[in-house]
1. Where the centre of each part is set by its Cα atoms, how far does segment 172-191 sit from segment 194-247, in angstrom?
2. What is the distance, in nm, between label points placed 7 Å from the Cα along the Cα-to-Cβ direction at A274 and at A152?
3. Would you calculate a helix-derived [θ] at 222 nm for the chain, using -39,500 (n - 2.57) for each DSSP H run of n ≥ 4 and dividing by the full residue count, to the nearest 500?
4. Tell me the label-point distance for the pair R171, K120, using the 7 Å Cα-to-Cβ offset, in nm and rounded to one decimal.
5. How much net charge surrounds F262 when only the other residues with a Cβ under 12 Å from the Cβ of F262 are counted, with Lys and Arg +1 and Asp and Glu -1?
6. Restricting things to alpha carbons, tell me how big the chain is in terms of Rg and Dmax, in Å.
7. Among rounded, prolate and oblate, which fits segment 140-252 when a ≥ b ≥ c are the square roots of the eigenvalues of its C-alpha gyration tensor, a/c under 1.5 means rounded, and a/b larger than b/c means prolate?
8. Mind pulling the angle between the C-alpha long axis of helix 225-235 and the longest principal axis of the chain? Nearest 10 degrees, somewhere in 0 to 90.
Amino acid sequence: MKFFPRKPASGSPAEAGNASPPILRPVTPCVPAEAHPYRLYDFFMFRGVFFGRGLVEHAPGDRPRLSLRLPDDSWLAAPYGPDPVFPDVETQTGFNFSVPLPGPTTGEAAAAIALFVHFKDDHLNIANPAAARLQSDRFVASEQPFSEAIRAAPHGRVLEIGSRARSGITRRELFPATMEYVGFDIAPGPNVDVLGDAHALSAYFPPGYFDAALSISVWEHLAMPWKVSIELNRVLKTGAVAMINTHQSWPSHEEPWDYFRFSEYSWAALFNAATGFEILSAGMGYPAVMASAFTIPHLQKDHLEWHYGFLASRCVIRKIGPTTLEWPVATEVVSPGRYSH
């Protein structure tokens, strides 16, 4: 995302309207600044309202004011209340705000909103905090072993489980042209080379056929992911790597074929010495705030909205040897008909 250039202006920092604050000092988001260390925990749009939550350190008594800079260079005051987790002290202010946005706002425009923290003598510009947050995101970081393995062996075969280009999205081009890519899906469509059920991969491919495998947003739709783990072992070469991306938290979708969610701690139950794998990396990321759509007293008491889920979960695995495990249960026994989304 690219922000509009800052415009120096004279006078006091603007609380609202189109005037700009005086010359502003940019700092690296989500990293303590020399003068004003801070942390930003929430910064997102939900149903036309922009939410923010964090804390900032300052000189004794120099309580800050907050404003949002919108992509069209206009400004919105961001009055805030105390944060229930980070109470104010003389040199630290916790803030928690919600600001209605002026009119419909796209996701791209919301991502270009910057937070300004105004002090008596200087100002803090927190620009593009989402991008900075992703730099330390465990989900994002966990991809590295897979990318390194592909670069190190760019001449093998790679299998994508769930390859159908339902939204025009294909991942074939992510791999070197020197690799033989095989797209596998349970339904016919663009980018599908082999049609079949992932619960029976070994019925479609010979043993040890692939050097790598990839699966994006499929594992939550597998009726028996433990069986697919065993099947994946059979079609991979020893030493082959695989990357599986799915969700730890996500709305129910594509019912009735929506079965599971996976934390980064769950992967060892599927990929271990017994199934013939080792885990190279795992991570959850893209934190999400969760709240009940209706007021439920015990959930309010437990402060559910102050806890986080993660929209994404990933593991990167390597086959270390064959498995002798079996799960002789046909998909038709446990799944309501053929997946049709």
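Only the coordinates and a few stated rules stand behind these numbers; no lab work does. What you are looking at is a predicted structure, and each value in this text was computed from that prediction instead of being measured. Neighbour counts run over all protein chains shown; Cβ positions are idealised from the backbone, glycine included.
1. 14 Å
2. Label at A274, label at A152, 2.8 nm between them.
3. The per-residue figure over the chain is -3500 deg cm²/dmol.
4. A separation of 5.5 nm, rounded to one decimal place.
5. Net of charged neighbours comes to 0.
6. Spelled out, the Cα radius of gyration and Dmax of the chain are 24.5, 75 Å.
7. Rounded, because the longest to shortest axis ratio a/c is under 1.5.
8. 60 degrees
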